1. Only one of 148, 68 is crowded, with 20+ Cβ neighbours inside 10 Å, over 16 Å from residue 21 (Cα atoms), touching a helix residue (DSSP H, G or I) at 6+ places or on another chain (Cβ under 6 Å) and touching a residue at least 60 places away in the same chain (Cβ under 8 Å); which?
2. So how many residues does the stretch 79-89 have that are assigned to a helix (DSSP H, G or I) and more than 26 Å from the chain's Cα centre (by Cα)?
3. For the stretch 126-232, list the helices (runs of 4 or more DSSP H) that sit wholly inside it and hold at least 3 residues that are more than 24 Å from residue 25 (Cα to Cα); which are they?
4. Condition test on residue 40, is it in a helix (DSSP H, G or I), in contact with a strand residue (DSSP E or B) (Cβ under 9 Å, 6 or more places away or on another chain) and in contact (Cβ under 8 Å) with a residue 24 or more places away in the chain?
5. I need a count of the residues in the stretch 1-16 that are modelled with pLDDT under 60 and surrounded by 14 or more Cβ atoms within 10 Å (Cβ to Cβ).
């Protein structure tokens, strides 16, 4: 993707978990309580959370992301031998106020000041997204918080990406979609979005039909590639 093509995007849409919000920050806040299994607990929790969204979509057995997150945590805690109801409650509560990555707030403020349309498009339940965005001070920077609660299926189903087109009232090719998840980038690219993969952890490219238009180390690297929209 050239700078010119990216600059022509009329809206910038962001995945939430792993892209704006650091999902690892939940367990990190209780590292002393969890002990040596902290990293494993966090990794299994996230992996099962993703797997359950994909499996429930395939089975046509939707439940909201808050429930999925709790189910995934239960699995992870049992697997790591940390079946503690008090710790579970604290971890779930912390998911409503996850830390953002260091560059997120200033990047969003810059994009907003330039006049771009901004939205979150996430598998997260609406109350989870609003809570986390409000806690981190970024809620008012977004024109839309788009979730799957009414659609009742999860990304990477094309109908989820269509929600952004419908609510932002722009064509798919005019949307730049940012995600840290390679599978999400593949789904968004397949749908027709322009895509920026925020590959902070230096993961290999997914072996799927669509690859990222640009690969960045952080959201702040997006800014030199775009410019403020022209005013009529």
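1. One residue alone meets the criteria, 148.
2. 2
3. Result: 158-168, 182-191.
4. For residue 40, the condition - in a helix (DSSP H, G or I), in contact with a strand residue (DSSP E or B) (Cβ under 9 Å, 6 or more places away or on another chain) and in contact (Cβ under 8 Å) with a residue 24 or more places away in the chain - is not met.
5. 1
For every residue, the table says whether it meets (1) assigned by TED's automatic domain parsing to the domain that holds residue 120; (2) under 18 Å from the mean Cα position of the chain (by Cα); (3) over 29 Å from residue 171 (Cα atoms).
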{"residue": "11", "(1), (2), (3)": "yes, yes, no"}
{"residue": "35", "(1), (2), (3)": "no, no, yes"}
{"residue": "41", "(1), (2), (3)": "no, no, yes"}
{"residue": "47", "(1), (2), (3)": "no, yes, yes"}
{"residue": "50", "(1), (2), (3)": "no, yes, no"}
{"residue": "66", "(1), (2), (3)": "no, yes, yes"}
{"residue": "91", "(1), (2), (3)": "no, no, yes"}
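The values are calculated or read from the model by the stated rules, or taken from the named source; none is laboratory data. Computed from a predicted structure; not experimentally measured. Ideal geometry is used to build each Cβ from the backbone, glycine not excepted, and the neighbour counts take in all protein chains shown.
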